[in-house]
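All remarks here apply to the structure that follows.
The values are calculated or read from the model by the stated rules, or taken from the named source; none is laboratory data. Fair warning: this is a prediction, and the values are worked out from it, not measured in the lab. Don't worry about glycine lacking a Cβ; one is built from the backbone with ideal geometry, like all the others, and counts go over all protein chains shown.
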Amino acid sequence: MAQSWSAAQSSLVRSCMAQSWSAAQSSLVRSCMAQSWSAAQSSLVRSCMAQSWSAAQSSLVRSCMAQSWSAAQSSLVRSCMAQSWSAAQSSLVRSCMAQSWSAAQSSLVRSCMAQSWSAAQSSLVRSCMAQSWSAAQSSLVRSCMAQSWSAAQSSLVRSCMAQSWSAAQSSLWLGFGSDILSRGMGPLLVPL
């Protein structure tokens, strides 16, 4: 009986120890599994957070780069538009100035030509008037001289004819009177 009791005790002890060991193992396994799960969860969470953070960073970087690129493009477009507008304004101003200068030159040329033509016409008119006046004066002088010469000639002719006629008459009467006197007929009154 003593041996049986001792054997029973030993068996019970072994059984308890085996159960305790099994329980301890189970507890340890559960603990390890729990820790492993917790660690796995933590690792997974950290991995997900890291990936999310990396994705968030990448998204943020892409967004910033897109915004920067868009802003750079907008700035470049505005700069190009401003330069194009400035160049267009400069070209327009130069074109307007060139047209104004051309119009001013044309107007000046037309004015100078008009003045020159007017001066030429005035000079021509004055020259024609001077020539006409000179010709008229010459014609008048020649006419007056011709008339004077004709009148002088007529007067001279009349004077010569009158003198000749008077001399002829005087000579005739003198000859007739001397003939009468030589014949002794006395004075003879003859009306002139």
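Could we say that SER68 is at pLDDT below 85, under 60 Å from the mean Cα position of the chain (by Cα) and surrounded by 10 or more Cβ atoms within 10 Å (Cβ to Cβ) here? Spelling it out, SER68 is indeed at pLDDT below 85, under 60 Å from the mean Cα position of the chain (by Cα) and surrounded by 10 or more Cβ atoms within 10 Å (Cβ to Cβ).
Please verify whether ALA55 is surrounded by 10 or more Cβ atoms within 10 Å (Cβ to Cβ) and either more than 60 Å from the chain's Cα centre (by Cα) or outside any helix (DSSP H, G or I) (or both), treating the condition exactly as stated. Taking the combined requirement at face value, the residue does not satisfy it.
Within the range 1-12, at least one residue is outside any helix (DSSP H, G or I) and not hydroxyl-bearing (Ser, Thr, Tyr).
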